[in-house]
Amino acid sequence: MEQFWPKNRARYEMTSALRRIARERLLHGRAREVLFKCMSDIAIVYLTHYLVHGHLPDFRHQPSFSERIAFRRLFPQPVFTILSDKVRVREYVRRRIGEAYLIPIYAVTSDIENFAFENLPPAFVMKASHGSRWVELVWSKAEADVEQLRFKAAGWLKQNFYSKQRECHYQNIPPHIIFETLLADGGKPPKDYKIHCFRSNQVLTQIIQVHSDRFTNHKMNFLTADWIPINLSLGHPSVSSQELLPPQNLKDMLAVAENLSEGFNYVRVDLYSVAGQLYFGEMTFTPGAGLMPFDPVEKEYEWALLFEPDQSFF
């Protein structure tokens with residue numbers, strides 16, 4: 001795969017600063033809004049991929065992980081829409097592994113203006129069904145600004161997550177606000193275990209991505225299924241390998257991810273572990289919209305070898 005790697009590493013690194021400037025100017029705020037309104041899906045995918053990775057995506061060969069994710073942004077399978085919907089995916093999880101793995105829900109609504117927050121418990125999570133990173137942890141309803149929560153949720157409902165990076169499988173997800181149980185581990189959010197499940201020639205490979213202290217001092221680690229550290233960074237510091245111990249239910253965690261990922265060449269399954277109980281978070285088919293700069297960049301191409309590409313139309 002060396003033939004697909006950047007031919008001049010020094011030149012590649014020298015242009016990264018210029019691309020960062022372009023990203024800030026073109027992909028944020030009003031400039032982004034105006035630019036994206038007049039561009040097609042494929043043009044936006046090409047532009048954003050170039051600004052992050054320094055080259056246009058090769059959809060014929062899809063040599064890197066990010067190029068395979070970029071292809072999915074434009075040509076998703078229909079089932080991606082169902083399983084990316086945080087309401088509808090629950091039925092899939094219920095059928096595959098059972099109700100016990102689902103985080104209990106208090107309410108689901110699309111009418112946030114008339115929603116009765118007083119009926120919620122003292123602590124809860126508020127999140128949107130139709131996107132990513134639209135989540136609010138409420139540790140004390142008595143101390144929270146309920147009208148501000150209502151305003152934030154109303155803003156989520158008005159948005160189509162597809163329009164942000166043209167991840168097309170999000171386009172037709174019905175917008176809802178979900179109120180669910182707030183999981184806690186020692187008075188803070190539990191670690192987020194993201195299990196990347198790759199399949200090539202029916203061989204499963206799993207890579208574990210662990211997020212610690214996500215809402216305070218965010219750290220991220222990558223490990224093999226045997227809990228061996230992987231030298232990879234996506235822009236966040238890592239916890240030392242001596243401090244990051246494997247969960248006692250690691251074997252069960254990997255089995256759950258394998259079950260839920262069956263039939264897919266690649267999907268990321270997110271799980272939580274609280275007091276020995278596993279909980280399902282979400283299934284992600286286009287993590288970070290393929291716009292995560294790998295360090296070292298060679299890992300991009302190693303990951304691509306772990307799963308068969310989606311069918312190319314080019």
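The values are calculated or read from the model by the stated rules, or taken from the named source; none is laboratory data. No experiment lies behind these values; they were computed from the predicted model shown. Note: ideal-geometry Cβ built from the backbone for every residue, glycine included; neighbour counts use all protein chains shown.
Selection within the range 148-163: residues that are in contact (Cβ under 8 Å) with a residue 24 or more places away in the chain and buried (at least 18 other Cβ atoms within 10 Å of the Cβ). The member of this set that is farthest from PHE307 (Cα to Cα) is LEU149. Starting from the range 106-118, keep only residues that are at pLDDT 95 or above, then list their pairs with residues that are of a type in the set (Asp, Glu) whose Cβ atoms are within a distance under 8 Å, requiring at least 6 positions of separation or different chains. Every condition considered, the pairs that remain are TYR106/GLU180.
Of note, VAL203 does not satisfy the criterion of being farther than 22 Å from GLU67 by Cβ and either touching a Gly at 6+ places or on another chain (Cβ under 8 Å) or outside the structural domain of ALA70 (by TED's automatic domain parsing) (or both).
Being in contact with an Asp or Glu (Cβ under 9 Å, 6 or more places away or on another chain), farther than 20 Å from LEU291 by Cβ and either exposed (fewer than 14 other Cβ atoms within 10 Å of the Cβ) or in contact (Cβ under 8 Å) with a residue 12 or more places away in the chain (or both) is not true of VAL138. The C-beta contact set for the range 286-314 (first residue within 19 Å of MET220 (Cα to Cα), second residue modelled with pLDDT under 95 and of a type in the set (Val, Ile, Thr), distance under 9 angstrom, 6+ apart or interchain) comprises ALA289/THR48; GLY290/THR48; GLY290/VAL52; LEU291/THR48; LEU291/VAL52; MET292/VAL52; PRO293/VAL52. With the condition kept exactly as written, say whether any residue in the range 186-196 is over 24 Å from PRO76 (Cβ atoms) and touching a Lys or Arg at 6+ places or on another chain (Cβ under 8 Å). Scanning the range 186-196, I find at least one residue that is over 24 Å from PRO76 (Cβ atoms) and touching a Lys or Arg at 6+ places or on another chain (Cβ under 8 Å), so the answer is yes.
If the condition is being among the polar types (S, T, N, Q), over 21 Å from the mean Cα position of the chain (by Cα) and surrounded by fewer than 12 Cβ atoms within 10 Å (Cβ to Cβ), then the range 221-259 contributes SER240, GLN242, GLN248. Among the residues of the range 81-102, the ones that are in contact with a Ser or Thr (Cβ under 8 Å, 6 or more places away or on another chain) and crowded, with 18+ Cβ neighbours inside 10 Å come to 3 in all.
At pLDDT 80 or above and either closer than 30 Å to PRO296 by Cβ or out of contact with any strand residue (DSSP E or B) (no Cβ under 8 Å at 6 or more places or on another chain) (or both): which single residue out of LEU74, LEU27, LEU102, LEU18 fits that description? Outline the logic, then answer.
Details: LEU27 fails: at pLDDT 80 or above; LEU102 fails: either closer than 30 Å to PRO296 by Cβ or out of contact with any strand residue (DSSP E or B) (no Cβ under 8 Å at 6 or more places or on another chain) (or both); LEU18 fails: at pLDDT 80 or above.
It is LEU74.
When the range 185-199 is filtered for residues that are at pLDDT 95 or above and surrounded by fewer than 19 Cβ atoms within 10 Å (Cβ to Cβ), only ASP192 remains.
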